[in-house]
Structure formats: C-alpha cells, structure tokens
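The block underneath contains the structure these notes are about, expressed in structure tokens.
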Amino acid sequence: MPTRQIVLDTETTGLDPAQGHRIIEIGGVELVDRRLTGRRFQRYLQPDRPIDPGAVLVHGISTEFLADKPRFVEVAAELLEFISGAELIIHNAPFDIGFLEQEFRQAGQSVRIRELCRVLDTLELARQRHPGQKNSLDALCKRYAIDNSHRALHGALLDADILADLYLTMTREQVTLGLADTAAAGNRQTYLASGRSPPPRRPLTILRATPEERLSHQRYLELLERSGDGPCLWRTLAPAAHPTADNTPDTSLRSEPPPPR
C-alpha cells in the first residue's frame, strides 16, 4: 500500500495560541512513496486580530494583505480532507499542532491531529542525529546542502517545500539500508523456494601476529610491569591469550570460519 505523507507548516500572528494568536497561512505538500506528487495545499487566512510586529518581521505578512482572505472555518473541511490518514512531517510539530487544534476548536470542531494522522517531528529527528547543534530549518539546510537562498522570509508553503527536500535528504541513508536488507532477504527466499541452500559465506580472514610482533608485544608488557606497581592488567585478565618471549604458539587466537547461514 502506498505511503502517503504531508509536509506541513503554518505561519501565525504570534507564538502562543492560548493568548489568542491565530494561523494566517497554512502550507503543505504531498509525498507518496517518498516522491512529490505535485498536490499542494496553501491558504492565507483572516485572523480577526492584529499581527505581532515581531511576527511580521519573520514572515512579512501584513494585516492589510489578509483583509479579504477566508477565515479558518471556511477551509477547515478542505484541510481535513487533505491531511487525514497521512503521516504529517512537521518541523517543531507541537507548535503547529497546537495552533491547528485551537483553530478547529474555534471552528466548533473537536479535532485531535494525532488521532487522524501519524506525526514525524523533524526537529526531534535532527536533535537525535545532531545533539548539541543548531537544528533550525536554516541550520539544517546548510548542514545538508539544501538550497534555501530564496528564503528571505518565512512562508508556510515555501518552508514546506524546503522541509520536504530536507526530510528526503536526512532519511535517504535509512531507506537505502532498508532496501539492502529487503534485497538480502529476497535473495534468501529465492534460494529456499528453489530447494537450494544459499551459497556459504566466505570464511573470515584472520591476520595473525608474526613471531617478531609477539615478542615485541611481550617486551612491551614487561616494560609496563617494571614501570608500574604490579602485574600488567592485560596478563592478569587473560594470561592464556598472550604469547611468551619464547614464541609459544598462541592457540587462543585460532578461530574457525562461521558455518554457512
């Protein structure tokens, strides 16, 4: 069954929906099986309240520009149809989800986003992969060589487009490894179905120390003992695993190749 994902972003009048701030732009792009389908969702919204000056500096959207735009209640059904059943990919998901659920409440609908959709927070993903580093959208674009030079200001649809590129790049290695595992499993099943056994794995190559190397190692351990306060820990833990100065064969290092799987 195809995997459907929506990369989503919002712009708002401020930072806190509990203080009456509203969404003024919603933008989303659709991925199916990790490919952009061309299906997009963008709506500017009339918030019925002033926009904080600091927010205008971030996204550049003015109250005047939004004067003739629809209100959230007018686009709620269309938005639900667009996101329902998909996995949402959002950078700092609690922020956007908090605003969306607040808007649905004000529109008279009790909507819990995580009951409609799975949610992948790319900020959390980035923090796991790059702990202690900056993980803003701009910082990640620089780290992963994603071109965002056209992003002078934030914009919901613009940021969703950039985040889609970033998400696909960040997770490409994971998908490649998964495909390799799937291919290996498929090869094994092919042999089993034909009644043949898979070919045995080649034995591991074991490089053994030369007599000169073993003697040099032994002398180094003796030097450590003379310069320390007691026997060398290496010898104390596994005395049988180490050669003596007379080059006694080191049988503990011998190993047989693993049996075929």
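Quick notes on this one:
- Test: I24 is more than 30 Å from the chain's Cα centre (by Cα), assigned by TED's automatic domain parsing to the domain that holds L120 and of a type in the set (V, I, T): no
- In this entry, E11 passes the filter for residues that are assigned to a strand (DSSP E or B), touching a residue at least 12 places away in the same chain (Cβ under 8 Å) and of a type in the set (D, E).
- Hits in segment 78-110 - residues which are in a loop (DSSP other than H, G, I, E, B) and either charged (D, E, K, R) or in contact with a His (Cβ under 9 Å, 6 or more places away or on another chain) (or both): none
- Qualifying residue in segment 30-49 (condition: in contact (Cβ under 8 Å) with a residue 40 or more places away in the chain, surrounded by fewer than 17 Cβ atoms within 10 Å (Cβ to Cβ) and over 24 Å from the mean Cα position of the chain (by Cα)): yes
- Criterion (over 31 Å from the mean Cα position of the chain (by Cα), part of a helix (DSSP H, G or I) and assigned by TED's automatic domain parsing to the domain that holds T13) met by exactly one of V73, V56: V73
- Check on G132, exposed (fewer than 14 other Cβ atoms within 10 Å of the Cβ) and in contact with a Leu (Cβ under 8 Å, 6 or more places away or on another chain): no
- Residue count for segment 28-75 under the criterion of being closer than 30 Å to E173 by Cα and of a type in the set (S, T, N, Q): the result is 1.
- Here the condition is being surrounded by fewer than 20 Cβ atoms within 10 Å (Cβ to Cβ) and within 30 Å of Q128 (Cβ to Cβ); of L88, L15, L57, it holds for L15 alone.
- With respect to the conditions (1) of a type in the set (D, E, K, R); (2) assigned to a strand (DSSP E or B); (3) more than 20 Å from I97 (Cα to Cα), E64 lacks only one, and its number is (2).
The values are calculated or read from the model by the stated rules, or taken from the named source; none is laboratory data. In this text, all values refer to a predicted model and were calculated from it rather than measured experimentally. Cβ: placed from backbone, ideal geometry, glycine included. Neighbour counts: every protein chain shown.
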